[in-house]
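Report on one structure; see the data block that follows.
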Amino acid sequence: MGGSVTAGQPYIVGEQGREMFVPNQSGTIIPNNDLNKGTVVNVNITANDTQGFDDLLLRRRSIIVNVINDALNRQGKEALV
């Protein structure tokens, strides 16, 4: 069913039979029915001077990718790169 897990606390999990899971850190288990849902990441940019904006985005590409990867990882999904 998914939900929060606490480090060191045992949980019974398993889609094809019972398994015991004891996480070494707190986190979240994402249920199977939520794994294929899309991830929406909204990025709001306020630009007073739009000259050179494309260049700025290219220079900040790694930051933007990291923000998206963090959002994906929080949902238990694979990172972009």
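The values are calculated or read from the model by the stated rules, or taken from the named source; none is laboratory data. Only a predicted model underlies this, so the values are computations on that prediction, with no experimental measurement involved. Surface areas here come from the heavy atoms of the whole protein model, side chains and all, with no ligands, DNA or RNA. Shrake-Rupley method; radii C 1.70, N 1.55, O 1.52, S 1.80 Å.
Odds and ends about this structure:
- Put simply, the amide H of Val5, placed in the peptide plane, has neighbours under 5 Å in Gly27, Thr28, Ile29, leaving out anything fewer than 5 places away on its chain.
- Whole-number percent relative contact order across the range 1-57, with pairs defined as alpha carbons under 8 Å at least 6 apart: 31 percent
- Taking the 1.4 Å solvent-accessible surface of the chain as the whole, the part contributed by carbon and sulfur is 47%.
- Averaged over its residues, the chain has an accessible area of 86 Å² per residue, based on protein heavy atoms and a 1.4 Å probe.
- 3J(HN,Hα) from dihedral phi, the range 2-19, Karplus parametrisation 6.51/-1.76/1.60, rounded to Hz, x for glycine, proline: x, x, 6, 10, 10, 3, x, 8, x, 9, 8, 9, x, 7, 10, x, 6, 9
- Given (i) 3, 11, 16, 17, 15, 11, 8, 7, 5, 4, 2, 1; (ii) 3, 14, 19, 20, 17, 12, 9, 4, 2, 1; (iii) 3, 13, 19, 18, 15, 12, 10, 7, 3, 0, the label whose value is P(r) over Cα pairs in 5 Å bins from 0, in percent derived from this model: (i)
- Calculated log₁₀ intensity ratio I(q)/I(0) where the Debye formula runs over C-alpha points of the range 1-48, q = 0.22 Å⁻¹: -0.86
- Degrees between helix 61-74 axis and first principal axis of the chain (Cα, 0 to 90, nearest 10): 20 degrees
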